[in-house]
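Following: one structure in structure tokens, then a few remarks.
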Amino acid sequence: MNLSVHKTYEASRATAGTSDEIEAEVMRRTKLREEEKNSIGISDNKDNDDKDNNARQRRFPKTVSKFAYGSVLIEKNEFIQNFDYGIPKPPSKREYEKDPGKDDVLLLYGSRKSLPDISTGVVSGGGDIPRMSALVATKNCAVLNVIYTDTHGGEDVCTAIVGNYESYHIQRWLRFDGTRVDRSIPFRAVGRGMQVNGQDKFEAPSDNYALQNQALLETYFDRLEDTIEALTPMAESCASDDNTVIVMVCNTGQSDLLINFFCSADARGFGDVVRKKVLIFATDEGVLEIAKGLGVNAFYDEKVSVFSV
């Protein structure tokens, strides 16, 4: 056998060996895939969903299939990173920390079309609800409605999803006697500001508060000239060539939202632009220091602070 023939022979053997290995790997993965489908009891072919579901127990009955056709679990931190609407996690629950009882997001599919490409266990099956990444789970969703909710310190909270005309207002019902929660009485509709301790966060201000606000407004008018003098150079610095200023008002209690806003801008690559254009009206010294630390123009006048009234 000459040298060229020998090389051709060795190359054909190597190719054959590689083909055999590839075929073996394909067979192995196919077998694992079939075992997975058999163990959970669901097809990944959405065209056969209706036929398959007749033979297997659905996670949700067809009576709610217009808003609960199937479901998956998504890790909460990963979901928030992909769908950031500016809502920060509580200060003690940063991205790397767990939030017991709220570690996952429950995603409900409203139709067969919205199901992920691999829908193993999503629509039916007796096992656990499957887990997926946020992007894989929502790949075929044309609309994504996100609801934030909590159990308010362990209260007996229930959440009802009603198929109806779409509303972005959450109705709230309490077993409430006017001063406290009483589970022995019927539900009654309340405003979203009503707390379980009987305090209404959105009640009309009392006469005392009205008089305090009037006094505060008078203080603003008395300080108007000095305020304009201090604000003018700040506003001009922010306005620059396009004569645009982004005005924000913040106190220390909402500083997490403020910090989250700038972190989000930094993550998207335009944090430097935002810092040039934003002018913050700080209502207390705490948020003034935070704004300075963020490198943002901030105005604060202790003589018109709400704490000085």
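FYI, it's all coordinate maths here, none of it is from the lab. As the structure is a prediction and not an experimental result, all values here were calculated from the model. Here the Cβ is made from the backbone with ideal geometry for all residues, glycine too, and neighbour counts use every protein chain on show.
Some notes on this structure:
- From largest to smallest, the equivalent ellipsoid semi-axes obtained for segment 168-236 from the alpha-carbon gyration tensor read 43, 16, 8 Å.
- Global geometry of segment 173-309, whether rounded, prolate or oblate, following the gyration tensor of its Cα atoms and the 1.5 cut on a/c: oblate
- Database remark: amide H of Ile246 closer than 5 angstrom to the amide H of Val278, Leu279 (H placed geometrically; neighbours at sequence offset of 5 or more, or on other chains; Pro and chain starts carry no H).
- Ranked list, fewest to most other Cβ atoms within 10 Å of each Cβ, for Tyr109, Tyr148: Tyr148, Tyr109
- Assigned charges on the beta-carbon of Lys, Arg, Asp, Glu; segment 207-308 dipole about Cα centre (debye): 420
- Mean shadow area of segment 234-309 over all directions, Cα convex hull, nm²: 5.0
- For segment 206-275: rounded, prolate or oblate by the Cα gyration tensor [a/c cutoff 1.5]: oblate
- Shape call, segment 65-216: gyration tensor on alpha carbons, a/c limit 1.5: prolate
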